[in-house]
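Q: My questions will all concern the structure given below.
Computed from the coordinates by the stated procedures, all read-outs in this text should not be read as laboratory data. Small disclaimer: the values here were computed from a predicted structure and weren't measured. Cβ atoms come from the backbone with ideal geometry, glycine included; neighbour counts cover every protein chain shown.
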Amino acid sequence: MGDTYSSLVAAMKALTQGESPAEVITLPMAEDEWNTRPNAESYGIISLDFEADSLDGDDAKLDVSMEGSVDLFSHSRSGAGWVEKIKKTLETYCGACWSLNSHMYERETGLFHWEWTFEVF
Amino acid sequence: MSYTVKTEGMEELERVLYALGEKAENIASGALYEGAGIMADEMKKDAESIRTAPFQYAAEGKTRLPSPQEKAVVTGAGKLGIAKFRKEDGEVNTSVGYGRSGYAEMAGKIVPIPLIANSINSGTSFMQRQPFVRKAKNRGGKRAMEAIKETIEKKVEELIKENGG
């Protein structure tokens with residue numbers, strides 16, 4: 001466990017910092033997701049939430065799968081292009097392990113919120 | 001899922017299969033009810049463990065915890081439910097959660113319960129996320145499946161005995 005998640009986090013970070021210098025707009029990530037809210041047009045959060053399943057044997061955990069999530073908050077209805085990029089990154093790093101768990105609109109802030117959940121080994 | 005049913009004699013087998021065909025839906029419903037109960041219990045337990053803080057508007061650039069009033073919306077009696085069983089083409093389906101919970105009163109306002117539940121479960125830009133429904137689903141899923149399997153096996157065995165198998 002950990003390899004897929006680390007590579008996914010690295011990929012997400014690379015994505016949020018812009019792949020090439022020509023890409024001016026970047027996606028800020030909340031550094032401490034529990035308590036920060038970057039002041040940006042769009043921003044994202046990636047985190048591991050809890051253990052989803054495990055294969056136990058010989059008094060040990062042989063394999064553990066963790067469930068995590070990627071959140072995208074955006075003032076743009078289309079997610080300013082981040083939706084496609086995040087989906088593509090998820091697909092590259094964990095195949096079909098992810099799904100869109102919720103998509104909401106916040107009337108108070110005018111933000112659109114996407115939440116993808118994924119399961120990694 | 002597949003089950004092995006043992007019976008002796010062709011006539012008995014015919015009787016058992018006939019009875020099984022007639023009662024399959026009832027057996028499935030009973031088993032599903034057991035499983036749904038386990039899921040609902042897990043969800044209730046997790047809803048009760050939601051962390052709260054007295055309500056205050058989230059500070060600039062910060063998020064806040066759900067307020068006790070918001071928690072009360074999802075933990076109050078009759079809020080969490082098991083949907084009416086849908087029987088179609090030999091399948092029985094239901095859902096456990098807040099999907100059809102309706103509305104509740106919160107701080108003098110009427111709010112939709114599923115909206116509050118989703119806001120706590122998935123978080124918002126100003127509220128911290130506490131994925132209690134997803135956690136319950138992961139933890140209870142296996143146990144619910146086991147319970148469903150056990151109930152079906154027990155009921156099928158009873159049916160075989162009734163029909164002299």
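Q: At B:GLU146 and B:ALA19, where each label point lies 7 Å from the Cα along Cα→Cβ, what is the point-to-point distance in nanometres?
A: If labels sit at B:GLU146 and B:ALA19, their model points lie 2.9 nm apart.
Q: Loop only per DSSP, at most 12 neighbouring Cβ atoms within 10 Å: give me the trypsin sites (Lys or Arg not before Pro) in the stretch A:72-121, ordered by residue number.
A: Hits after loop and neighbour filter: A:ARG77, A:ARG107.
Q: Another question about this same structure. Nearest 10 degrees is fine. How inclined is helix B:113-122 to the longest principal axis of chain B, computing both from alpha carbons?
A: Orientation of helix B:113-122: about 80 degrees from the principal axis.
Q: Give the average, rounded to an integer, of partner chain Cβ atoms located within 10 angstrom of each Cβ in B:126-134. Write out the running numbers ahead of the final one.
A: Numbers: counts 5, 1, 3, 8, 1, 8, 0, 1, 8.
So the per-residue partner count for this stretch is 4.
Q: Name the longest site-free stretch of chain B, where the excluded sites are chymotrypsin sites (Phe, Trp or Tyr not before Pro) in a DSSP loop with no more than 10 other beta-carbon atoms within 10 Å.
A: No qualifying site falls inside B:58-165, the longest such stretch.
Q: Treating only the Cβ of Lys, Arg, Asp and Glu as charged (+1, +1, -1, -1), what charge dipole size does the stretch B:10-162 show about its Cα centre? Round to the nearest 20 debye.
A: My answer is approximately 1180 debye.
Q: I would also like to ask the following. Say a paramagnetic label sat at a point 7 Å from the Cα of B:THR52, along Cα to Cβ; which residues of the stretch B:100-129 have their backbone N under 16 Å from it?
A: Under cut-off, by backbone N: B:104-109, B:111, B:113, B:116-121, B:128.
Q: Turning to a different aspect of this structure: Cross-link candidates for B:LYS71: which aspartates and glutamates have Cα within less than 18 Å, leaving aside residues fewer than 8 places away along the same chain?
A: B:ASP41, B:GLU42, B:ASP46, B:GLU48, B:GLU105
Q: Considering only B:ALA24, B:ILE50, B:ALA83, whose Cα is most displaced toward the positive end of the charge dipole of the stretch B:1-155, charges sitting on Cβ of Lys, Arg (+1) and Asp, Glu (-1)?
A: B:ILE50
Q: With a cap of 10 neighbouring Cβ atoms within 10 Å, and only residues DSSP puts in a loop, list the GluC sites (Glu not before Pro) found in the stretch B:57-158.
A: Numbers: sites: B:GLU60, B:GLU70, B:GLU88, B:GLU91, B:GLU105, B:GLU146, B:GLU150, B:GLU153, B:GLU157, B:GLU158; in loops: B:GLU60.
Taking the stretch B:57-158 and a limit of 10 other Cβ atoms within 10 Å, the loop GluC sites (Glu not before Pro) found are B:GLU60.
Q: With contacts defined as alpha carbon pairs under 8 Å and 6 or more residues apart, what's the relative contact order of the stretch B:60-165 in percent?
A: Details: 94 pairs, mean separation 22.3, N = 106.
The value is 21 percent.
Q: Quick check: the angle from helix B:132-162's long axis to the longest principal axis of chain B, C-alpha only, nearest 10 degrees?
A: Approximately 20 degrees, to the nearest 10.
Q: Next up: Would you mind calculating the gained length between B:ILE110 and B:SER29 on full extension (0.36 nm times residue separation, minus the Cα-Cα distance), in nm to one decimal?
A: My answer for the length gained is 25.7 nm.
Q: If you keep only loop residues by DSSP, which trypsin sites (Lys or Arg not before Pro) in the stretch B:29-110 have at most 12 other Cβ atoms within 10 Å of their Cβ?
A: Loop-located and lightly packed - B:ARG51, B:LYS84, B:ARG100.
Q: In degrees from 0 to 90, rounded to the nearest 10, what is the angle of the helix B:10-48 Cα long axis to the longest principal axis of chain B?
A: 20
Q: Ok, one more. With a ≥ b ≥ c taken as the square roots of the eigenvalues of the C-alpha gyration tensor of the stretch B:42-165, please select rounded if a/c is under 1.5 and otherwise prolate if a/b is larger than b/c or oblate if it is not?
A: The shape class here is prolate.
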